[in-house]
Amino acid sequence: MTVVVASVVVLDCAEPEKLAVFYRELLDAEEVDATANRVEIRTADGMRLAFRRDVNATPPSWPRPENSLQAHLDFLVEDLDEAERKVVTLGGRPLEAKDAAGPYEERGCCDPAGHSFTLRLRPATAPKQG
């Protein structure tokens, strides 16, 4: 018998309503639950994110070492430039991570509350030729 029936990634923040709007628009998701201190959204493919009010929330400082990465989300995208523009339009911002190794197939960003995430190119479906 399955004990856990669903999983939800929860991000602490000072203003869950505003952060939920950012991710709802970025991910084309729908709001599925809201209380005074928590808002939950669900994407078309079933991913669930919630945003919990914590008036003392401190944004992660990644890539700086102090108060660094606390949680990290990866989003697969078709076009890095288009995805990054949408992040900025919605109030997020790109993160500069110097000395990034390898090809530029991903970009670090953060949401308006400071949580970091990565926009990553969707892997090619066909094997590389050559």
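Using 15 Å as the cut-off for backbone N distance, which residues of the stretch 19-56 belong to the label zone defined by a point 7 Å from the Cα of Arg122 along Cα→Cβ?
Taking a point 7 Å out along Cα→Cβ of Arg122, the residues of the stretch 19-56 whose backbone N falls under 15 Å are 27-28, 44-46.
Mind ranking 112-123, 30-41 by how tightly packed they are, going by the mean number of other C-beta atoms within 10 angstrom, highest first? List each step's numbers first, then the result.
Details: 112-123: 18.0, 30-41: 14.7.
Per-residue mean Cβ counts within 10 Å order the peptides as 112-123, 30-41.
Can you order the peptides 12-20, 82-90, 46-54 by their average number of other Cβ atoms within 10 Å per residue, highest first?
So the order, starting with the most tightly packed, is 12-20, 46-54, 82-90.
Read-outs throughout are calculated quantities, based only on the coordinates presented, and are distinct from any laboratory measurement. Since we're looking at a predicted model, the values are computed, not measured. In this analysis, Cβ positions are derived from the backbone assuming ideal geometry, glycine residues included, and neighbour counts consider all displayed protein chains.
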